[in-house]
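The values are calculated or read from the model by the stated rules, or taken from the named source; none is laboratory data. For clarity, every value in this text was computed on a predicted model and none was experimentally measured. All Cβ positions, glycine included, derive from the backbone under ideal geometry; neighbour counts span all protein chains shown.
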Amino acid sequence: MIAASQTLPKMRTLCVTALTGSDHMGDRITGKITTERFLMNISKRMISAIGIAGLTLIGTGLAAPASADNGISGTVDPGSLTKVLSDASFGSAIPYSFSSSTQSANTTLSVADMTGTGDGWDVKVSATSLSAAGTSDTIPNTGLSFSAVDNPVHVAGQAINGGGPVRSGTTTASLDTSRSLLEAQAGSGEGSYTQALVLAVQLPALLDAGTYTGTFTVTSVAPTP
């Protein structure tokens, strides 16, 4: 801080009292300097102070921001386990008969595991009895079975391995009850597969003429360990 006793014209002396810096608070320095030199010293000190402050501000503006870690995230939405048994047809008309007979029809089971869980699965199939319009005759589902159950064929996704999928059906079980056809253990079966099947249909004797139809039901449960 500068204290002046009076304002004098240029080249006259001026008595000043100056307080020293923070290291010597309360000490005083007394002396005489000319007005011109006094103003010059004050100007130099002001320029020096402004320059230092300016450099400090600029330096602060150029300082690098604190670093922060940035991550990457994403979500995979689960799908479903699709299982479809294609239509089965005898292919040609069956003649009326006094005797019972067995007819065959080809069908294909398609399974695709898009769940993303890797839990495995056991696909089962059952069927209703077949009926026709205009008659009370039926082809009972106790006479429906798969006479041939092929090994699965890999289509896409995870290849067939020791955990499956593997065929699990029998050629003797009737479809009045849900029957297992294809099974994959946990950690396996995360792909798309097909399985060729042959449906055997036992036709009763004296079956009335008509077009007989029924429905397959395809379900899935957890695999048997």
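Structure summary
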item	result
Matching option when the condition is over 15 Å from Val201 (Cα atoms), surrounded by 15 or more Cβ atoms within 10 Å (Cβ to Cβ) and not acidic (Asp, Glu), among Gly116, Gly134, Gly120	Gly120
Filter result for Thr117 (more than 20 Å from Gln195 (Cα to Cα), at pLDDT 65 or above and in the same structural domain as Ser178 (by TED's automatic domain parsing))	yes
Any chance Arg179 is assigned by TED's automatic domain parsing to the domain that holds Thr115 and touching a Phe, Trp or Tyr at 6+ places or on another chain (Cβ under 8 Å)	yes
Criterion: in contact (Cβ under 8 Å) with a residue 12 or more places away in the chain, surrounded by 13 or more Cβ atoms within 10 Å (Cβ to Cβ) and in contact with a helix residue (DSSP H, G or I) (Cβ under 6 Å, 6 or more places away or on another chain) - qualifying residue of Ser147, Ser129	Ser129
Any hit, the range 172-189, residues being in contact with a Leu (Cβ under 8 Å, 6 or more places away or on another chain), surrounded by 18 or more Cβ atoms within 10 Å (Cβ to Cβ), in contact (Cβ under 8 Å) with a residue 40 or more places away in the chain and not in a strand (DSSP E or B)	yes
Any hit, the range 191-206, residues being buried (at least 18 other Cβ atoms within 10 Å of the Cβ) and part of a loop (DSSP other than H, G, I, E, B)	no
For Thr82: the one exception among (1) of a type in the set (S, T, N, Q); (2) modelled with pLDDT of 95 or more; (3) in a loop (DSSP other than H, G, I, E, B)	(3)
Qualifying residue in the range 210-223 (condition: assigned to a loop (DSSP other than H, G, I, E, B), within 30 Å of the chain's Cα centre (by Cα) and crowded, with 18+ Cβ neighbours inside 10 Å)	yes
Check on Ser89, hydroxyl-bearing (Ser, Thr, Tyr), in the same structural domain as Pro152 (by TED's automatic domain parsing) and at pLDDT 95 or above	no
